[in-house]
């Protein structure tokens with residue numbers, strides 16, 4: 001999807017709280033003006049990948065495209081920073097449409113929670129003892145007992161983040177897939193994860209939950225002492241990320257697979 005047919009006269013600038021990002025936002029507001037998000041043709045986020053995720057979460061469901069410029073330490077989801085010809089850059093940008101994961105959680109008090117994840121939904125052990133997890137995919141039990149530090153389900157957009165650090169696969173942005181990746185698996189030690197269709201429903205039950213407590217995290221939202229987690233793509237929510245030509249997310253993800 002291209003932004004070429006759209007005008008970007010009204011821009012909302014947001015930034016992280018670093019001096020570098022704040023000063024950049026001030027200069028750009030003086031140069032291009034600034035409107036509230038509900039009146040914006042695009043939101044320009046100045047910071048790193050963490051700010052990009054926060055901005056996507058904050059404006060989820062609004063259909064406002066978001067264009068990130070790197071003023072942080074990590075910028076895989078960001079474009080290069082430049083102050084000149086910003087409106088022209090926005091008009092030429094390519095738009096990637098992504099969908100988040102919805103995570104339903106049941107904790108040990110019987111309370112239900114839910115949260116959305118753009119990168120990944122993860123489970124982690126809370127104490128020194130390894131977690132014991134049972135994994136069911138679309139109603140079929142696939143792993144009776146996984147002893148590990150945790151497990152995660154990553155979207156294609158998140159496959160180059162924590163998923164990659166956990167030795168999970170990199171997924172092309174338009175691939176109809178999710179990555180199911182263990183974190184430090186102890187038994188079965190040989191299991192390295194699975195590729196799932198994006199329509200899959202993943203249910204993870206925590207075994208011995210009182211003795212081996214587990215937390216569940218959807219991007220930045222954490223729930224403690226969970227006993228059951230249900231994860232699936234939320235296809236009804238579209239998120240629009242803008243990238244400069246030649247630096248689109250699919251190009252970056254492809255290039256990442258050839259880094260040595």
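The values are calculated or read from the model by the stated rules, or taken from the named source; none is laboratory data. Just so it is clear, the model here is predicted, and its values are computed rather than measured. Using ideal geometry, Cβ is built from the backbone for each residue, glycine included, and neighbour counts are taken over all protein chains shown.
Observations on the structure shown:
- Of all residues in region 44-61 being part of a loop (DSSP other than H, G, I, E, B) and out of contact with any helix residue (DSSP H, G or I) (no Cβ under 7 Å at 6 or more places or on another chain), the one that is modelled with the lowest pLDDT: 61
- Residue match in region 79-92 (condition: part of a strand (DSSP E or B), touching a helix residue (DSSP H, G or I) at 6+ places or on another chain (Cβ under 6 Å) and more than 30 Å from residue 206 (Cβ to Cβ)): no
- Count - residues of region 221-260 that are under 19 Å from residue 181 (Cβ atoms) and not in a strand (DSSP E or B): 4
- Screening the candidates 18, 62 for the property of being closer than 16 Å to residue 96 by Cα and free of Cβ contacts under 8 Å to residues at least 60 places away in the same chain yields one hit, 62.
- Selected residue (only one of 115, 121, 157 is closer than 26 Å to residue 255 by Cα, out of contact with any helix residue (DSSP H, G or I) (no Cβ under 9 Å at 6 or more places or on another chain) and either assigned to a strand (DSSP E or B) or assigned by TED's automatic domain parsing to the domain that holds residue 211 (or both)): 121
- Of residues in region 5-22 being assigned to a helix (DSSP H, G or I) and touching a strand residue (DSSP E or B) at 6+ places or on another chain (Cβ under 9 Å), the one surrounded by the most Cβ atoms within 10 Å (Cβ to Cβ): 21
- Residue count, region 173-200 (criterion: exposed (fewer than 14 other Cβ atoms within 10 Å of the Cβ) and touching a residue at least 60 places away in the same chain (Cβ under 8 Å)): 1
- Candidates 210, 238, 251: the one that is closer than 23 Å to residue 53 by Cβ and more than 14 Å from the chain's Cα centre (by Cα) is 251.
- Checking each residue in region 222-260 for being surrounded by fewer than 18 Cβ atoms within 10 Å (Cβ to Cβ) and touching a helix residue (DSSP H, G or I) at 6+ places or on another chain (Cβ under 9 Å) picks out 244, 245, 256.
- Restricting attention to region 201-220, the residues that are buried (at least 23 other Cβ atoms within 10 Å of the Cβ) and not in a strand (DSSP E or B) total 1.
- Qualifying residue in region 190-201 (condition: over 28 Å from residue 110 (Cα atoms) and within 16 Å of the chain's Cα centre (by Cα)): yes
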